[in-house]
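Right, one structure below, let's go through it.
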Amino acid sequence: MRIYLAGHRGMVGAAIARKLSARGADLLTRTHAELDLTDQQAVKGFFEAERPDAVILAAAKVGGIHANNSYPAEFIYENLMMECNIVHQAHMAGVRRMLFLGSSCIYPRDAPQPMREDALLTGTLEATNEPYAIAKIAGIKLCESYNRQYGTDYRAVMPTNLYGPGDNFHSANSHVLPALIRRFHEAAEADADEVVVWGSGKPRREFLHVDDMADAALFVFNLDEAVYRSETQPMLSHINIGAGQDISIADLAALVAKVTGFKGSIRLDASKPDGTPRKLMDVSCLARLGWRAQIGLEEGIISTYEWFLHNRDNVREG
């Protein structure tokens, strides 16, 4: 099977590429400079020329609360365009198998915890990342609609908060865990007395190492179609991917301080936004299918911090 992996340079895409390469897969990739996925004609030409057997759609514009609040138009436009172009042109080129990677932010802000797949579209989304969430929901519905109308096998997985090698460690635009790793590392280097953490520290978040995410994504991608359909529904076809346990932001900050060797105090700035109060995934569907996370949070933070130390001159800054 010749697999086109969209987004192979991102954190998740790179992890999937590593696993596919290790398994000897025939992998097809393009950089952004080679193929702009928001360009309909360019994507059309690519699929007509290459005709892959399957697609894994890991490409996305992503960021933390600050980035989502600052660039909502870019987040909804770019993600919608990439999804529409790839799903439609894959279908037009005869691609029957696809895996779409979404996000846990698709669920309502106040969804019952842990969040089950059937919580989708049952309430109001978190305002700080609503444009991104809408785009990801549209991606799920694109896959489902093409399946219903054309008989394709387009699947969707919804990962929880991810971290690991290749993450974005930008001081303002990154997600919470890499932002904390950088902030506490720099504070430890400077022998600072204090680190300020955004929010009250009360919200709880679930974190999954990107290598676990890649393994789970390929597990779902490779499931027999009958098995996949036995655990999903035509209009509720996505599957959650997560660790199944969460941690408060305050406790996360203390754990990152421990790993990075920061000895000062931690001050919580409650004037900054908290975001969703809690985001814990119900991963019982994936567990029934036979997959569970293997990398513990402290173990994962230690290895991610080591990666950061060895690559900090080249870490992504946006």
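The values are calculated or read from the model by the stated rules, or taken from the named source; none is laboratory data. These numbers come from a predicted model, not from an experiment. Ideal geometry is used to build each Cβ from the backbone, glycine not excepted, and the neighbour counts take in all protein chains shown.
Here Asn85 fulfils each of the conditions (1) under 29 Å from Val176 (Cα atoms); (2) of a type in the set (S, T, N, Q); (3) modelled with pLDDT of 95 or more; (4) in a helix (DSSP H, G or I) apart from (1).
Checking each residue of region 146-167 against the condition of being of a type in the set (A, V, I, L, M), farther than 21 Å from Tyr4 by Cα and assigned to a helix (DSSP H, G or I) gives no match. For region 291-314, indicate whether the set of residues that are within 18 Å of Ala217 (Cα to Cα), aromatic (Phe, Trp, Tyr), in contact (Cβ under 8 Å) with a residue 40 or more places away in the chain and outside any helix (DSSP H, G or I) is non-empty. Taking every residue of region 291-314 in turn, at least one turns out to be within 18 Å of Ala217 (Cα to Cα), aromatic (Phe, Trp, Tyr), in contact (Cβ under 8 Å) with a residue 40 or more places away in the chain and outside any helix (DSSP H, G or I). Would you check if there is a residue in region 153-174 being in contact (Cβ under 8 Å) with a residue 60 or more places away in the chain, surrounded by fewer than 20 Cβ atoms within 10 Å (Cβ to Cβ) and under 16 Å from Pro234 (Cβ atoms)? Taking every residue of region 153-174 in turn, at least one turns out to be in contact (Cβ under 8 Å) with a residue 60 or more places away in the chain, surrounded by fewer than 20 Cβ atoms within 10 Å (Cβ to Cβ) and under 16 Å from Pro234 (Cβ atoms).
Give me a count of the residues in region 101-113 that are more than 16 Å from Ala60 (Cβ to Cβ) and either assigned to a helix (DSSP H, G or I) or of a type in the set (Gly, Ala, Ser) (or both).
Of the residues in region 101-113, 1 are more than 16 Å from Ala60 (Cβ to Cβ) and either assigned to a helix (DSSP H, G or I) or of a type in the set (Gly, Ala, Ser) (or both).
Residues considered: Ala216, Ala190, Ala138, Ala226. Of these, the only one that is surrounded by fewer than 21 Cβ atoms within 10 Å (Cβ to Cβ) and under 17 Å from the mean Cα position of the chain (by Cα) is Ala138.
Taken together, the residues in region 114-129 that are in contact (Cβ under 8 Å) with a residue 24 or more places away in the chain, within 18 Å of Gly64 (Cβ to Cβ) and in a helix (DSSP H, G or I) amount to 2.
Yes/no matrix, rows are residues, columns are (1) more than 22 Å from Thr31 (Cβ to Cβ); (2) in contact with a helix residue (DSSP H, G or I) (Cβ under 8 Å, 6 or more places away or on another chain); (3) of a type in the set (Val, Ile, Thr):
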{"site": "Ala58", "(1), (2), (3)": "no, yes, no"}
{"site": "Lys61", "(1), (2), (3)": "no, yes, no"}
{"site": "Gly64", "(1), (2), (3)": "yes, yes, no"}
{"site": "Asn68", "(1), (2), (3)": "yes, yes, no"}
{"site": "Ala73", "(1), (2), (3)": "yes, yes, no"}
{"site": "Leu80", "(1), (2), (3)": "no, yes, no"}
{"site": "Ile86", "(1), (2), (3)": "no, yes, yes"}
{"site": "Gln89", "(1), (2), (3)": "no, yes, no"}
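Each residue in region 10-58 was checked for being assigned to a helix (DSSP H, G or I) and over 24 Å from Tyr77 (Cβ atoms), and 12 pass.
Taking every residue in region 88-113 that is without any contact (Cβ under 8 Å) to a residue 40 or more places away in the chain and pairing it with any residue that is part of a helix (DSSP H, G or I), at least 6 positions away or on another chain, the pairs with Cβ-Cβ distances below 6 Å are Ala111/Ala119.
Of the residues His238, His185, His209, which is modelled with pLDDT of 95 or more, more than 22 Å from Leu297 (Cα to Cα), surrounded by 20 or more Cβ atoms within 10 Å (Cβ to Cβ) and of a type outside the set (Asp, Glu)?
Details: His185 fails: more than 22 Å from Leu297 (Cα to Cα); His209 fails: more than 22 Å from Leu297 (Cα to Cα).
Within the list His238, His185, His209, the selection yields His238.
Listed conditions (1) closer than 30 Å to Asn222 by Cα; (2) of a type in the set (A, V, I, L, M); (3) surrounded by 14 or more Cβ atoms within 10 Å (Cβ to Cβ) are all met by Ile247, apart from (1).
Within region 62-106, if we keep just the residues that are of a type in the set (D, E, K, R) and more than 22 Å from Asp215 (Cα to Cα), the residue that is surrounded by the fewest Cβ atoms within 10 Å (Cβ to Cβ) turns out to be Glu74.
So which residues in region 20-52 are closer than 18 Å to Asn222 by Cα and either loosely packed, with under 15 Cβ neighbours inside 10 Å or free of Cβ contacts under 8 Å to residues at least 40 places away in the same chain (or both)? Residues satisfying the conditions are Ser21, Ala22, Arg23, Gly24, Ala25, Asp26, Leu27, Leu28. Could you tell me whether Leu177 is among the hydrophobic types (A, V, I, L, M, F, W, C), closer than 21 Å to Leu99 by Cβ and surrounded by 18 or more Cβ atoms within 10 Å (Cβ to Cβ)? No: the conditions fail for Leu177.
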